[in-house]
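The block underneath contains the structure these notes are about, expressed in structure tokens.
The values are calculated or read from the model by the stated rules, or taken from the named source; none is laboratory data. Small disclaimer: the values here were computed from a predicted structure and weren't measured. Note: ideal-geometry Cβ built from the backbone for every residue, glycine included; neighbour counts use all protein chains shown.
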Amino acid sequence: MQAFGVTANIQNAFAFDVDNLIPDNETILFDISATDGTDTWISQILLMSHAPVLEYIEYSVDDASGNNNGKIDPGETVDIMVTVSNSGSLMLFR
């Protein structure tokens, strides 16, 4: 006898990997097949990808410990600051 209207929650029942190069805001369709050993249920779910979209803005050279001319000279140790913007829907590390 089948029980109708019964719900079961299974922790960590599904896992998937996503390519690092997936575009931002890409709709991903999953075909799901679930079985209880006797019956099989087929369904689909849609998920939206979230990825950074980085754009280079500018860079600057801090060579204050060297000759302070704003350039990387031979033998000089400098700090390079790079500014980028993220117009994607994934927040990056802060």
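From the set of residues in the stretch 1-46 that are more than 30 Å from MET91 (Cβ to Cβ) and hydrophobic (A, V, I, L, M, F, W, C), which is modelled with the highest pLDDT?
We begin by selecting, within the stretch 1-46, every residue more than 30 Å from MET91 (Cβ to Cβ); these are 1-8, 33-43.
When the remaining residues are screened for being hydrophobic (A, V, I, L, M, F, W, C), the result is 1, 3-4, 6, 8, 34, 41-42.
Values: MET1: 51, ALA3: 62, PHE4: 70, VAL6: 78, ALA8: 78, ALA34: 86, TRP41: 90, ILE42: 94.
It comes out as ILE42.
Does any residue in the stretch 41-54 that is within 21 Å of VAL84 (Cα to Cα) come within less than 6 Å, Cβ to Cβ, of a residue that is loosely packed, with under 10 Cβ neighbours inside 10 Å six or more places away or on a different chain, and which pairs are these?
Correct list of pairs: PRO52/LEU92; VAL53/SER87.
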